[in-house]
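Q: Below are the structure tokens for one structure; questions will follow.
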Amino acid sequence: MTMNPYLLLKNFLQEMDVRSMGRPLLLSSLVGIVAGLGALFFYAGVHWANELFLSGWAGYHPPPISTDLSDASPIISLAMEYRWFLFLIPALGGLVSGYLVFKYAPEAEGHGTDGAIDAFHNKGGQIRGRVPIIKSIASIVTIGTGGSAGKEGPIAQIGAGFGSFLAAKLKLDAADRRILLLAGMAGGIGATFRAPLGGALFAVEVLYQDPEFEHEGLIPSIIASIVAYSLFGSLTGWQPLLVTPHFVFEHPRELVLFFVLGILCASVGKFYVKFFYGVQKLFHAIRIDPIFKPAIGGLLLGLLALAVPQVLGSGYGMVQAALYGKVAIWVMLVVAFAKIVATSLTISSGGSGGVFAPSLVIGAMLGGAFGLAAEALFPAMVLDPRAYVLIGMAGFFAGVSNTPIATLIMVSELTGNYALLAPLMLVCVVAMIAFRKNTIYCKQVASRIDSPAHLGDFVIDVLEGLKVADLAEYGRKPHQVAEHKTLSDILEEIADAEGAYYPIVDSNGNMTGIFSVNDIRRILAEDLPPTLVLARDIANANVITARPDETLTDVLRKLTSRGLEEIPVMNISDPRKVHFMLSRRAVLARYASELEKRKGR
């Protein structure tokens, strides 16, 4: 018997569960489009600023990238052509950047990725709408005037900021807001570095110091990264960021040297992190307006650049030259440590930019110098010393960021070279575990159990069997507001009231909605006449509620997933009336009490 084609299609769509798939697919794609557009704007802005300030004004021309340098002249000294006032240009960039950041969005200070990580763990995925705009302009100015910073931090915060903005406009809960924040990060990084898989993995791995992934965000991050990368690549080209010779891994005995390189990357990485945050403490101790601190950092960077001009900008040109064996060993060593100083002066002073690009340069110079030294000492073991440049890049950043999987994939993608995966895996893992808890991202938490975003996921066993009714004595009597009351009456009524949430009730005392103090602030910001706004206009009709016979486990899941501080507990005999308000604090206090009891046993 032949089945109706319509029924076949209907059954097929039901099996695919299109309804549940469609929403995350659509939202992640939308975030990817905006992240890709943001990456294009940022890419064009940095290129324009570089051409204007460094190439045009200062006559500074670093080695090119995305170019085969087989026939290029070797770099055997630090000497480069530039105009005498080169040292003033980073100071100018620091002054403009400092004014923009500290005047309009102080949270945009520094390398950006930490801001996105902090928003995920501690702010329910919320990032102010102005932050991505200020961050992008300030970072363009910083990098374009020679600041030793990269694009990863700014574009991560730009993409994350839009993901947060979209979630807020759609009134999504905290859990969905965090997911879109990660998708925005992934899209921005995947596009900017032409590394779609690496960008997606970085967004879900960089949150934790331990080797963990935010698995709920992986698929949305992959979708957003694909869309952003496709948009970016269609307008800028598909070639990898860096061009490499044909490297191969054919001598397993080299793994011994790669292991030593991993230890070296971790050791220098530990010094880098200590120096970076030590310089930050020094700048925090300077008692002047923070607006001027990036300018001081820029001036010191400019003075350093008079001796080592290679520290200016992203430094990818030096990496490109080193990949083709065109940089002397002593030059690489000087640039590696000078880049640590330059990056600290740029970002730790309050400048705006990422740490990914500088870290890759430091690791590349370190790896290249190690490869040449190893070839001189053990010529029979080293197949190609230039390969150590690529492996050093990945190992160093993996060691300071605790993102070994994302880093080895990103480095493979941005160089277009996948033949060294085995040594990359070894060096990245060794560099990460050699000095655990060493991280350039101070907002990382140890693991999921330490993240406030997952607080409710790990207390289920302790609260098992306890009911909401058990906490009735700790509940707050609801301060109910009649739905016909005006905003003026509401403000007068709740002036001395406790709590942050207020149920709205009809003439029969039945709850029809709820509003929070934040909802009041939002209405006041819209400058509407207080006598025309009624309580029912402010309230959210989709109220998350609890029942007295419900388990505390389920209630804590609701509080955590929705980012709520209180939840109305309904009367068991009349589910339309509020019995009491139960706070997250009361539930966690009971959790702590039960935990102490279990420890006592």
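Q: So between V517 and R585, what do we pick up on full extension, going 0.36 nm a residue minus the alpha carbon distance? Spell out each step's value before the answer.
A: Numbers: separation 68, 0.36 × 68 = 24.48 nm, distance 1.76 nm.
Length gained, V517 through R585: 22.7 nm.
Q: Which of the peptides 180-190, 38-48, 340-350, 238-248 is most tightly packed, and how do the rest follow, judged by the mean count of other Cβ atoms within 10 Å per residue?
A: 180-190, 340-350, 38-48, 238-248
Q: Please figure out what share of the DSSP beta bridges in the chain is antiparallel and state it in percent, rounded to the nearest 5. Please report the intermediate quantities before stating the final value.
A: Numbers: 15 of 21 bridges.
Looking only at bridges with both residues in the chain, the antiparallel portion is about 70 percent.
Q: Rg/Rh for the chain: what does it come to with C-alpha atoms and Rh from Kirkwood?
A: Rounded to two decimals, Rg/Rh equals 1.05.
Q: For region 17-138, which semi-axes, largest first and in whole Å, follow from the square roots of 5 times the eigenvalues of its Cα gyration tensor?
A: 37, 22, 13
Q: Here's another thing I want to ask about it. Kirkwood Rh, Cα Rg: Rg to Rh for region 459-600?
A: Working: Rg = 16.5 Å, Rh = 16.0 Å.
Taking Rh as the inverse mean 1/r over Cα pairs, Rg/Rh reads 1.03.
Q: Roughly how many debye, to the nearest 20, is the charge dipole of region 547-601 about its Cα centre, given +1 on each Lys and Arg Cβ, -1 on each Asp and Glu Cβ, and no other charges?
A: The calculation lands at about 200 debye.
Q: Please give every one of the aspartates and glutamates within straight-line cross-link reach of K293, meaning a C-alpha to C-alpha distance under 16 Å, and leave out same-chain neighbours fewer than 8 residues apart.
A: Straight-line reach from K293, under 16 Å: E107, E109.
Q: Here is a follow-up. Below 8 Å, C-alpha to C-alpha, sequence gap of six or more: please give me the relative contact order for the chain in percent.
A: 16 percent
Q: Could I ask something else about it? Going down the table (K326/K437; K437/K597; K171/K558; K443/K467; K274/K326; K339/K443), which pairs top 26 Å between alpha carbons?
A: K326/K437; K437/K597; K443/K467; K274/K326
Q: How big is the charge dipole of region 459-600 about its Cα centre, in debye rounded to the nearest 20, if each Lys and Arg gets +1 on its Cβ and each Asp and Glu gets -1 on its Cβ?
A: Working: 19 positive and 23 negative charges, 103 e Å.
For this selection, approximately 500 debye.
Q: Can you tell me the Rg and the Dmax, both Å, for the Cα atoms in region 319-458?
A: 16.5, 56
Q: Here is a follow-up. With the radius of gyration and the Kirkwood radius both derived from the Cα set of region 91-159, what is their ratio Rg to Rh?
A: Here Rg/Rh amounts to 0.97.
Q: Region 211-281: which trypsin sites (Lys or Arg not before Pro) are DSSP loop and have at most 12 other beta-carbon atoms within 10 angstrom?
A: Passing both the DSSP loop test and the Cβ count: R253.
Q: I'd like the distance separating the alpha-carbon centroids of region 20-54 and region 364-414, in whole Å.
A: 30 Å
Q: Using Stokes-Einstein with the Kirkwood hydrodynamic radius over Cα pairs, what translational diffusion coefficient do you get for region 148-241 at 10 °C and a viscosity of 1.306 mPa s, in µm²/s rounded to a whole number?
A: In µm²/s, the coefficient is 122.
Q: Got a sec to turn the phi values of region 227-243 into Karplus ³J(HN,Hα) couplings, 6.51 cos²θ - 1.76 cosθ + 1.60 with θ = phi - 60°, whole Hz, x for Gly and Pro?
A: Going residue by residue, I get 5, 5, 4, 5, 5, 5, x, 5, 9, 10, x, 10, 5, x, 4, 10, 9 Hz, with x marking Gly and Pro.
Q: Which semi-axis lengths, in whole Å and largest first, follow from the square roots of five times the eigenvalues of the Cα gyration tensor of region 62-201?
A: Working from the Cα gyration tensor, I get semi-axes of 34, 20, 9 Å.
Q: Farthest toward the dipole's positive end in the chain, which of G399, A376, I544, given Cβ charges of +1 (Lys, Arg) and -1 (Asp, Glu) about the Cα centre?
A: A376
Q: Something else about it: Taking the Cα centre of the chain as the origin, how large is its charge dipole in debye, to the nearest 20, when only Lys and Arg (+1) and Asp and Glu (-1) carry charge on their Cβ atoms? Before the final figure, lay out the partial values.
A: Working: 48 positive and 49 negative charges, 131 e Å.
That gives a dipole near 640 debye.
Q: Once amide H atoms are placed 1.01 Å from N in the peptide plane, what residues at a sequence separation of 5 or more from E566, or on another chain, have their amide H within under 5 Å of its amide H?
A: Residues meeting the amide H criterion: R584.
We did not get these values from a lab; they are worked out from the coordinates using the rules stated. All of these numbers come straight from a predicted model, not from anything done at the bench. Cβ sites come from the backbone with ideal geometry, for glycine too, and all protein chains shown count toward neighbours.
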